[in-house]
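Working notes, structure below.
The values are calculated or read from the model by the stated rules, or taken from the named source; none is laboratory data. Because the structure is a prediction, the values reported are computed rather than measured. Note that each Cβ is placed from the backbone with ideal geometry, even for glycine, and that neighbours are counted across all protein chains shown. Ligands, DNA and RNA are stripped out before the accessible areas are found, and what is left, the full protein with its side chains, is counted by its heavy atoms. Shrake-Rupley method; radii C 1.70, N 1.55, O 1.52, S 1.80 Å.
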Amino acid sequence: MAGRYDSNPFAEEEVNPFANPGSVPPANSKLSPLPHEPAGYDRGDTVDIPLDSSRDLKKKEKELQAKEAELKRREQELKRKEDAIARSGVVIEEKNWPPFFPIIHNDIANEIPIHLQKMQYVAFTSLLGLVGCLIWNVVAVTLAWVNGEGPTIWFLAIIYFISAVPGAYVLWYRPLYRAMRTDSALKFGWFFLSYLFHIAFCVFAAVAPPIIFKGKSLTGILPAIDLLSGNALVGIFYLVGFGFFCLESIISIWVIQQVYMYFRGSGKAAEMKREAARSTMMAAL
């Protein structure tokens, strides 16, 4: 047994790997070299991950609470102002028409009483009709200018459009809308005064007497007849404009008639007289 283990097990090997620990085994050795570790890396190194301390978390929590308190304070302040405006009777009118580019406030279905909505819708139609008449008037007058009638009538047509369209909304449509919504007698009175002027303008435009530049700045019947003899195309455009102004006049007369009937039947005439007398007395005092 002893002789079995006395021999050197590495006697037949060409190189003893334990003879020199720093030596590299030969190429025909069965031992494979260990993989090299990447330079500059130490397994004992720790990775520092920045974490908020408890003090920073408390600070951020206080900031969030302060912002939340500020938002609540602003919300309460806004609600207080809205309640004050509502108590004073002032209605905030948000622009909502036309939907693609809101420029005016118009919500007949939700703000006007049901029995008055038909009149308000027809009044709104007359406003849109006036816009259409004046746009067609600009087109027809432009055609007349191109055919030698001069630029003055075109400038007048532009002035009619840029003054009459916003003027109609401010002077008679918005007062009628507010009168229907709040049932105010004085607003009805302002509407009647302004709407009569609107009707007079539509009738004047439909006739277009030769007062200003032979009436050719408006597409009425008289310049249409005059132009038909010289240029049939321009004359036809003027005739179409004459038809538009006639239709606008008829619709406007129906509107003022219906509003006046409601005004008299609801007793607003007497109320307007009392309010006017009270205002006069207060102004005198």
Item to check | LYS59-ASP107 FRET efficiency (beta carbon distance; Förster radius 41 Å; 0.05 resolution) | outcome: 0.25
Item to check | Cβ-defined net charge surrounding ASN231, 12 Å radius [Lys, Arg +1; Asp, Glu -1] | outcome: -1
Item to check | FRET efficiency for LEU196 and THR152, using Cβ-Cβ distance with R0 set to 22 Å, rounded to 0.05 | outcome: 0.15
Next on the checklist: Using alpha carbons only, how many angstrom separate the centre of the range 146-210 from the centre of the range 242-260?
Outcome noted: 12 Å
Checklist entry - Fully extended, how many nm does the chain gain between VAL131 and ARG264 (0.36 nm per residue separation, minus their Cα-Cα distance)? => result 44.9 nm
Checklist entry - Given 0.36 nm per residue, what is the gain on full extension from VAL139 to VAL170 after removing their alpha carbon distance, in nm? => result 8.7 nm
Checklist outcome for this item: Ordering LYS216, LYS79 by the accessible surface of their heavy atoms, 1.4 Å probe, largest first, yields LYS79, LYS216
Next on the checklist: So for each of 61-71, 178-188 I average, over its residues, the number of other beta carbons within 10 Å; can you give me the resulting order with the highest mean first?
Outcome noted: 178-188, 61-71
Item to check | Neighbourhood net charge (14 Å Cβ-Cβ; Lys/Arg +1, Asp/Glu -1) for PHE242 | outcome: -1
Checklist entry - How much length is gained if the chain between ILE211 and LYS81 is pulled fully straight, taking 0.36 nm per residue apart and subtracting their Cα-Cα distance, in nm to one decimal? => result 41.4 nm
Next on the checklist: Counting only protein heavy atoms and a 1.4 Å probe, tell me what percentage of the range 166-243's accessible area is made up of carbon and sulfur.
Outcome noted: 77 percent
